[in-house]
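Derivation of every value follows stated rules applied to the coordinates shown; laboratory data play no part. These figures come from a predicted structure and were not determined experimentally. Virtual Cβ from ideal backbone geometry, glycine too; neighbours counted across all protein chains shown.
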Amino acid sequence: MAAASSRRQLQDSTAQAIDGLMNWIEFALPMLAGASLTLGLVQAMVWLRHRGQWASLAFALAASAIAAVMLIELATLRTDDPAVFQRMVWLAHLPLPVLFISLIAYIDQLSGCGRRGLALAAIAARLATTAINFLGSAPNIHFLEVKSLRQVEFLGNTVSTIGEATPNPWYSLTMLANLLLVAYVLDVLVALRRRGVGIDVQRVCWVILAFYAFAVGWGTLVTEGVVQGPYGSSSLWVVVVVVMAYALGADLINARKTELRLRDLEAHAQEYERSVRERFEQAAALHRDELAHLSRVAMLGELSGSLVHELNQPLAAILSNAQAAQRFIGREPPDLAEVRNILEDIVANDRRAGQVIARLRALFRKDRSQQRDVDVRQIVGEVLQLIRNDLLNRGIAIEAALEDELPVVTGDAVQLQQVLLNLAMNACEAVEAAEAGGVREPIRVRARRKDAQIIEVSISDCGPGVPEAELERIFRPFITTKAKGMGLGLAVSRSIVEAHGGRLWVISAPGHGATFGFDLPVCASPAAA
Amino acid sequence: MANRYPRVAVVDDEADVLRAMQRLLRAAGFEVEVYATGEAFLTSVKDHCPDCVLLDLHMPGISGFEVQAQLNACSCAVPVIIITGHDTASAQVRAMNGGAFGFLRKPADGDLVVSMIERAIGGSAH
């Protein structure tokens, strides 16, 4: 007896275990709900970090609502009490409108082409059903009465479903809301297909449409008793959730791809911009060099008399020395000591003439700007030498105060000489313009170290000065106060100084002369001696 | 004058030119005195008057034109030969109107310089 009893107990417990294993819906629905909630949570976090991504929020709400619907549906499957069944159907209308509205918001955000009017109409109808569900006299919007439930076998499980029930006539409003939603989704689908965009969103639309078609059909078939199965079909919403999540993920992947592409494009754009800028700068430098050359040649033309004289001096000395040597050699006895001295002077004067020619050639040459270490004292000295005879002709004295041991600057010596030459010649003309029979004050050239980083070179005259209104204007091209001249001198000088990283400036009080000067940055790494 | 070499003063601010001209004229048999400025020359004139002066026009300080004018104003009636690198017509006219004996352009031929000085003085240096 005892053995028979224990065998029966074993059989019962095995049967229970098999029943438990077979009742998989009780595990599956919470698991699917959990999965749906997890996906929703992920997108909720995405939205929290990127508040502009409203599709993520819509998805999170939809997934949460679906999870809630699944759990409510599980309760309807397990109960055999019509009142509890009715209560659960009633309760399902809390998450269902959230799901409904979230779906529309999700599609609207991802597609960007939904008809807002249609969406609002669908939402309004859905909210109306919700209101009727909760505020109406009937237990819920589905049924006026559920008299009995039936227990049916479904996929190896025993589940409850509608037995005898009286439908609620307001339920047709729910159908209307669903139809409006379907119309909205169809409209979006058509629009996307026409444009040939949004494959992932199209897929979501297809799945939603398929689900609604199935859900409506299934509900009708179950209610009519054609099919034995549960009244709800919320588990299938998992498919919708997965497709929606994939669309969002694809969106993120696409966004990443687009971002990489944009970065690539940005890099190309920067490269192109750099190339264009370089070409522009090269063209501007070329233009500046050509203009500087033009202005320089014009200025040297004005100085031609003085430049010829500068060359004439050593030539005159050479000729006189050579003819003197001829006479000394012709003496009896020849004065060879004097001839030797003469030859030394001839060599020195020839070298001097060579230097003058080299200097002139450099000034006339049309070269690209060459950046080298430049000794400011040397270029000031050479310019003073160039204009020396011109100043003598005009009866203008010049005084130079050059600080000893000025550091070198980096630049184009010829162009910097040109700037100085231009300022000096302007000063001469200012002095001549101010002449009224009085004593001419000398022009003063000054070169000093302004601070650790800057060398300042300035030329002061006691001419009529520059009116305040003209102080900026005179640096513009083709602006001149002279009867002759192109009005390029100061404009070109300014562009040269600025190309050297410096600044050309003027200080003047009308009637009290003017000081024009330029600052140049000291060479960062002084040239090795 | 018959007992000494003719004395020629050279006034030029260019040291190289001054030295070369001094040699040339010395080789040609003149006694030469050189002055780097017009002021120095005019000061010397108060003490003694040369037989001829070779005068540059453009110099710092007093110009050749002013030297010429001051010479005309004083008792030293010395022939003046202008030698300059600035060969403008107006400068030549002004110098000649100021009583210059001759007007030479740098670089001037030495034989021409010597012969013009000799003509100015009125005889050979030898």
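Points worth noting:
- Scanning region A:220-242 for residues that are within 21 Å of residue A:79 (Cβ to Cβ), surrounded by fewer than 16 Cβ atoms within 10 Å (Cβ to Cβ) and polar (S, T, N, Q) gives a single hit, A:228.
- Candidate set: region B:27-52, residues that are farther than 29 Å from residue A:343 by Cβ and of a type in the set (D, E, K, R); chosen: the one nearest to the chain's Cα centre (by Cα): B:51
- Selection from region A:346-364 of residues that are touching a residue at least 60 places away in the same chain (Cβ under 8 Å) and either surrounded by fewer than 19 Cβ atoms within 10 Å (Cβ to Cβ) or within 13 Å of chain B (Cβ to nearest Cβ) (or both): A:360, A:364
- Residues of region A:170-192 classified as under 30 Å from residue A:88 (Cβ atoms) and either touching a residue at least 24 places away in the same chain (Cβ under 8 Å) or buried (at least 21 other Cβ atoms within 10 Å of the Cβ) (or both), total: 14
- Check on residue B:55, within 15 Å of residue B:21 (Cα to Cα) and in contact with a helix residue (DSSP H, G or I) (Cβ under 6 Å, 6 or more places away or on another chain): yes
- Test result for residue B:61, small (Gly, Ala, Ser) and closer than 25 Å to residue A:346 by Cα: no
- Residues in region A:330-344 that are assigned to a helix (DSSP H, G or I) and within 25 Å of residue B:15 (Cβ to Cβ): A:336, A:337, A:338, A:339, A:340, A:341, A:342, A:343, A:344.
- Lone qualifier among B:24, B:18, B:55 - being over 17 Å from residue A:322 (Cβ atoms), within 14 Å of the chain's Cα centre (by Cα) and crowded, with 20+ Cβ neighbours inside 10 Å: B:55
- Selected residue (criterion: nearest to residue B:70 (Cα to Cα)) from residues of region B:18-54 that are among the hydrophobic types (A, V, I, L, M, F, W, C) and away from chain A (no Cβ under 14 Å): B:42
- Looking only at residues of region A:315-345 that are closer than 25 Å to residue A:385 by Cβ and in contact with a Pro (Cβ under 9 Å, 6 or more places away or on another chain), we find that the one that is farthest from the other protein chains (Cβ to nearest Cβ) is A:318.
- Listed by position, the strands (runs of 3 or more DSSP E) enclosed by region B:1-118 that each have at least 3 residues that are closer than 26 Å to residue A:304 by Cβ and not aliphatic (A, V, I, L, M) are B:102-105.
- Residue B:113 passes every criterion in (1) within 13 Å of another protein chain (Cβ to nearest Cβ); (2) loosely packed, with under 13 Cβ neighbours inside 10 Å; (3) of a type in the set (Val, Ile, Thr) apart from (2).
- Scan of region A:37-78 for residues that are in a helix (DSSP H, G or I), of a type in the set (S, T, N, Q) and within 32 Å of the chain's Cα centre (by Cα), ordered by number: A:43, A:56
- Residues of region A:285-311 that turn out to be out of contact with any helix residue (DSSP H, G or I) (no Cβ under 9 Å at 6 or more places or on another chain) and either hydrophobic (A, V, I, L, M, F, W, C) or within 14 Å of another protein chain (Cβ to nearest Cβ) (or both), as a count: 2
- Here is the figure for region A:193-219: residues that are surrounded by 15 or more Cβ atoms within 10 Å (Cβ to Cβ) and more than 21 Å from residue A:250 (Cα to Cα) total 6.
- Pick from region B:64-96, criterion under 13 Å from the mean Cα position of the chain (by Cα) and within 11 Å of another protein chain (Cβ to nearest Cβ), ranking: farthest from residue A:397 (Cα to Cα): B:83
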